[in-house]
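Beneath this line is the structure, given in structure tokens, with notes to follow.
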Amino acid sequence: MMKPINFSLHAILIIGAVGFLLFILYLMKKGKLEVKYSIIWLAFSLCMIIFACFPYTVLVLNDIAGVIDPVNFIFFTQIIFILLILLSVSAVISGFSKKIKQLAQANAILEKRVRELEEKMDK
Amino acid sequence: MKTLVIIPCYNEQDSIVRVIDNLKNNAPQVDYLIVNDCSTDNTEKILKANGYNYINNPINLGIGGGVQAGYKYAAQYGYDIAVQMDGDGQHDPKYLSKVIAPVESGEFDMAIGSRFIEKEGFQTSFMRRFGINIISTLILLLTGKRIKDTTSGFRACNRKLIEFFAANYADDYPEPEAIMACLASGYKVGEVAVVMEERQGGVSSIRSLKSAYYMIKVCLALIVGRISFSKKKGGN
């Protein structure tokens, strides 16, 4: 049987998880984090809040998954989230690089038109 | 038919004038467009001073993005045929009509000028040929079609493919990937024999140190290309 979680550790975990969620919400409010990119972070932070507030859920999930140490289960969950977030960041960057390329190409064709118009006007 | 020769050009100050003069002498009936891919040397000044027809990419897009800008231009200005030709003097405009002919007649949607059919002229290094053969074999396995000179940047395509390429074109090493995209989408691709020169200036977009990385990337891109392009999306 696991011994109950230390009170101050419990408090730190809850404060940390809630603080993290508040920081995400703050960034969203400031418009520095777009909603479509925030969803996975919100899910991540909610998951951490649940784990911090109700450590019992970790123990249950831990037993279901058959992991030896509960902390490993938490690490495992976090790593899954981090991998998902990293992958989504790569996908977002790929999208951006495609858009930047399209912008540059459109710009190049426009620049030619402007240049030719200017030359015509100078004559 | 309205034909545009797209000439991707990156730091080609030593060869570009010769290439364009040669093109004008051999094929005065076609239009050309130089895509200056943010060259860091005097290329742009030379283009301006000579009054050439060119566009300037505001940022370096690499060969694929540069050529695609050319295809977009061809699509916007209503060209029927677009031909890609390198700016370093490797490709002789004498063969332009030969590369265009099968596209004009409708035999192929894309015709690739191949140095390996008659095995004349500059045949490139052994390692380079080895790599080209691997790519060729992979394309054969994935599509059932043998294209010998998979990295040749001397190629003509018709209006359908101009529009296709304006919308999708690979970035870094686009030649094999473009072949795959065409074949997987059901376009007809074929080769015509040409003689290539050794480059007169500039550096190849495929450098020896990066060649292993290049091979891995191309092979992966070809497999992905096989999966992602379907006949429903484009083609006939």
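We did not get these values from a lab; they are worked out from the coordinates using the rules stated. Since the structure is predicted, the reported quantities are computational estimates derived from the model, not experimental observations. Note: ideal-geometry Cβ built from the backbone for every residue, glycine included; neighbour counts use all protein chains shown.
Take the stretch B:133-194, compute every pairwise Cα distance, and split them into 10 Å bins from 0; I just need the percent in each bin. Percent of Cα pairs in each bin: 21, 59, 20, 0. For chain B, what mean projected area does the convex hull of the alpha carbons give, in nm²? It is 11.7 nm².
The helix-only estimate of mean residue ellipticity at 222 nm for chain B, built from DSSP H runs of length n ≥ 4 each weighted as -39500 (n - 2.57), is -13000 deg cm²/dmol after division by the residue total.
Charged neighbours of B:Ile81, selected by a Cβ distance under 14 Å, balance to -1 (K, R count +1; D, E count -1). Measuring between alpha carbons in the structure, the pairs from B:Lys94/B:Lys160; B:Lys94/B:Lys188; A:Lys101/B:Lys72 lying more than 22 angstrom apart are B:Lys94/B:Lys160; B:Lys94/B:Lys188.
The alpha-carbon atoms of the stretch A:23-91 define a convex hull whose volume equals 87 cubic angstrom per residue. Working from Cα pairs under 8 Å separated by at least six residues, relative contact order for the stretch B:3-228 is 26 percent.
Summary of the geometry: the stretch A:14-39 and the stretch B:101-121, compared by the centres of their Cα atoms, lie 57 Å apart. What is the sum of charges around A:Gln105, taking Lys and Arg as +1, Asp and Glu as -1, for the other residues whose C-beta is under 13 Å from the C-beta of A:Gln105? Cβ neighbours under 13 Å give a net charge of +2. Listed values for the stretch B:117-126 are Karplus-derived 3J(HN,Hα) couplings in whole Hz (6.51 cos²θ - 1.76 cosθ + 1.60, θ = phi - 60°), namely 7, 9, 6, 10, x, 5, 9, 6, 6, 4, and x replaces Gly and Pro.
Under 20 Å between alpha carbons, and skipping anything fewer than 8 positions from B:Lys48 in its own chain: which aspartates and glutamates qualify? Partners within reach: A:Glu111, A:Glu116, A:Glu118, A:Glu119, A:Asp122, B:Glu12, B:Asp14, B:Asp21, B:Asp31, B:Asp37, B:Asp86, B:Asp88.
Dimensions of chain A from C-alpha coordinates, computed as largest minus smallest value along each principal axis and given longest first, are 90, 30, 16 Å. If I model the protein assembly as shown as equal point scatterers sitting on the Cα atoms and use the Debye formula, what is log10 I(q)/I(0) at q = 0.11 Å⁻¹? The calculated log intensity ratios at q = 0.11 Å⁻¹ are -0.79.
By other beta-carbon atoms within 10 Å, ranking B:Cys182, A:Cys47 with the fewest at the front produces A:Cys47, B:Cys182. Given +1 at the Cβ of Lys and Arg, -1 at the Cβ of Asp and Glu and no other charges, the dipole of the protein assembly as shown around its Cα centre is 740 debye to the nearest 20. Taking each of A:Lys36/A:Lys98; A:Lys123/B:Lys98; B:Lys98/B:Lys217 in turn, the alpha-carbon distance tops 30 angstrom for A:Lys123/B:Lys98; B:Lys98/B:Lys217.
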